[in-house]
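Okay, so here's the structure we're looking at.
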Amino acid sequence: MLFHRHSISSRFNASTNSTAIRVWEQFTAPISSLKVVWRKDRKLDQAIDNDKSWRQCAKVVKEVLNEPGQVIPLRYLEKRRERLRLPVKIETFLSRNPTLFDVYYDRIKPKTEPVKFLKVSDRLQQVLDENERIYSENEPLIVAKLCKLLMMSTHNVVSADKLVHVKREFGFPNDFLVNLVPKYPDYFKLIGSSGEGNSFLELVSWNPKFAKSVIEQRADEESELTGVKIRPSSNWKLPSGFLIRKEMREWIRDWMERPYISPYDDASSFDQASLEMEKRTVGVLHELLSLSLYKRIPVPILGKFTEEYRFSNAFSSVFTRHSGIFYMSLKGGIKTAMLREAYKGDELIDRDPLLEVNDNFVKLLAEGHRQREEELKIKKQAVKKDEDMVSMRNSTLNDLDVSENEELHSS
């Protein structure tokens, strides 16, 4: 189901005066009273499931990389299995993913017996080195994303700890605060002392080329293509069979007609309960999801930024109220906000260049799985060969026994 700007305008202009009054009354009603029943979208849920296995492996790799010298005794890692939510023993994990680590023996203390240690494999190290190249090539994109996150915030300042917490969602390298931020003093300034909640990243200068949302860019491109000025507006995209009440459809129609408010515009004068603030909140959430790698972010993570982006405490209701723009998945017991327009079925339509980092890791895992399957195949063939040899030997012995018996009977 798609709401087009032209069809909305024609329907709105054809309305009678009484309809206009009724619509105005709807707008004055509390936004919180507008309810849409949540409905499961299996294909978008599947999109979350698709990368579940490699994310688990990435957690284990991260655990080893964070160790001094990037090595760890196997038994130490085994003790952390519950925290890592790893459903199998480390030995089993290693056998299933043979390309990630090398196992060797070393002493934890000088006079102790040697025990198994894990270290990064050569193949994994190649992937990590390749990731550095990808980050370097896409540094302008990372800088633009970081500027945009600051430019949307109330005072162009965001907690450094919170930015570190969302680095995976936006594709920032692990050391972006240490190695990338200082390279751009015209854009960024790290203020405050290190420690939980005590340091902040501040925007030094406003770059107008970053102050244009994905929705505005899309309207500009469409205008240039058609030669007709297109007003920025969100796309509505509901799966077939998804129905909403008539009253809600009318509210959505008229809400879509209201002027778009850029997430980069000053919203300090907006009342928190106003329709303008609702419009702005939808714009900010749309932009945040558009900037993310997978066009989806867990709702609890978004909730950490309520102060910076002036979200209300009940901001998550926006995802169901505007269910043609967003989908809120409950997969894995975690609420995840997803951008509907970014997906076709369970596949991303436009892939972020930084996704190559994750793609390389997935390829490495697939290489290991093929290696393991080949090894298992060789083992099965060896067992089958041994069984065939035993069978042939037994058959030969049986033939000899029969031959001897026949000779005895004949004599």
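The values are calculated or read from the model by the stated rules, or taken from the named source; none is laboratory data. Keep in mind it's a predicted model, so treat the numbers as computed, not measured. Reconstructed Cβ throughout: ideal geometry from the backbone, glycine too, with neighbour counts over all protein chains shown.
Between SER292, SER323, the distinction of being within 19 Å of LYS167 (Cβ to Cβ), hydroxyl-bearing (Ser, Thr, Tyr) and surrounded by 19 or more Cβ atoms within 10 Å (Cβ to Cβ) belongs to SER292 only. Screening GLU356 with (1) crowded, with 16+ Cβ neighbours inside 10 Å; (2) in the same structural domain as GLY241 (by TED's automatic domain parsing) gives one miss only, at (2).
One residue stands out in segment 158-182 among those that are surrounded by 19 or more Cβ atoms within 10 Å (Cβ to Cβ) and aliphatic (A, V, I, L, M): the one that is farthest from the chain's Cα centre (by Cα), namely VAL181. Of all residues in segment 271-282, those being over 15 Å from THR306 (Cα atoms) and touching a residue at least 24 places away in the same chain (Cβ under 8 Å) number 2.
The condition (being part of a strand (DSSP E or B) and among the basic types (Lys, Arg)) is satisfied by just one residue among LYS111, LYS119: LYS119. Summed over segment 142-180, residues that are in contact (Cβ under 8 Å) with a residue 60 or more places away in the chain and in contact with a strand residue (DSSP E or B) (Cβ under 7 Å, 6 or more places away or on another chain) total 7.
Those strands (runs of 3 or more DSSP E) of segment 151-209 in which 1 or more residues are in contact with a helix residue (DSSP H, G or I) (Cβ under 9 Å, 6 or more places away or on another chain), charged (D, E, K, R) and more than 21 Å from ASN66 (Cα to Cα) occupy 188-192, 199-203.
Only one entry of PRO239, PRO232 meets the criterion of being in a loop (DSSP other than H, G, I, E, B) and either of a type in the set (Asp, Glu) or under 30 Å from HIS155 (Cα atoms) (or both), and that entry is PRO232.
Checking each residue in segment 302-318 for being surrounded by 18 or more Cβ atoms within 10 Å (Cβ to Cβ) and in a helix (DSSP H, G or I) picks out LEU302, GLU308, TYR309, VAL318. Restricting to segment 222-264, what's the tally of residues that are among the β-branched types (Val, Ile, Thr), at pLDDT 80 or above and crowded, with 16+ Cβ neighbours inside 10 Å? Final tally of qualifying residues: 2. Filtered by the rule that a residue be among the acidic types (Asp, Glu) and without any contact (Cβ under 8 Å) to a residue 24 or more places away in the chain, segment 209-251 gives ASP220, GLU221, GLU222, GLU224.
Let's see how each residue does on (1) in contact with a Cys (Cβ under 9 Å, 6 or more places away or on another chain); (2) in the same structural domain as LEU77 (by TED's automatic domain parsing); (3) within 17 Å of GLN56 (Cα to Cα):
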{"position": "GLU91", "(1), (2), (3)": "no, yes, yes"}
{"position": "LEU94", "(1), (2), (3)": "no, yes, yes"}
{"position": "PRO98", "(1), (2), (3)": "no, yes, yes"}
{"position": "VAL103", "(1), (2), (3)": "no, yes, no"}
{"position": "GLU113", "(1), (2), (3)": "no, yes, no"}
{"position": "ARG133", "(1), (2), (3)": "no, no, no"}
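Being part of a strand (DSSP E or B) and not aromatic (Phe, Trp, Tyr) is the filter; apply it to segment 61-104 and report the residue that is surrounded by the most Cβ atoms within 10 Å (Cβ to Cβ). Only one residue fits best here, namely ILE72. Inclusion of SER53 among residues that are of a type in the set (Gly, Ala, Ser), surrounded by 13 or more Cβ atoms within 10 Å (Cβ to Cβ) and over 24 Å from the mean Cα position of the chain (by Cα) is not warranted. Restricting attention to segment 142-201, the residues being farther than 19 Å from PHE311 by Cβ, in contact with an Asp or Glu (Cβ under 6 Å, 6 or more places away or on another chain) and β-branched (Val, Ile, Thr) number 1. Taken over segment 183-202, residues that are among the aliphatic types (A, V, I, L, M) and either surrounded by fewer than 16 Cβ atoms within 10 Å (Cβ to Cβ) or not assigned by TED's automatic domain parsing to the domain that holds THR154 (or both) amount to 2. Considering only residues that are among the β-branched types (Val, Ile, Thr) and within 12 Å of LEU302 (Cα to Cα), which ones fall in segment 322-340? Of everything in segment 322-340, just one residue is among the β-branched types (Val, Ile, Thr) and within 12 Å of LEU302 (Cα to Cα), namely THR336. Within segment 110-141, the set of residues being touching a strand residue (DSSP E or B) at 6+ places or on another chain (Cβ under 6 Å) and surrounded by 11 or more Cβ atoms within 10 Å (Cβ to Cβ) comprises VAL115, LYS116, PHE117, LEU118, LYS119, SER121.
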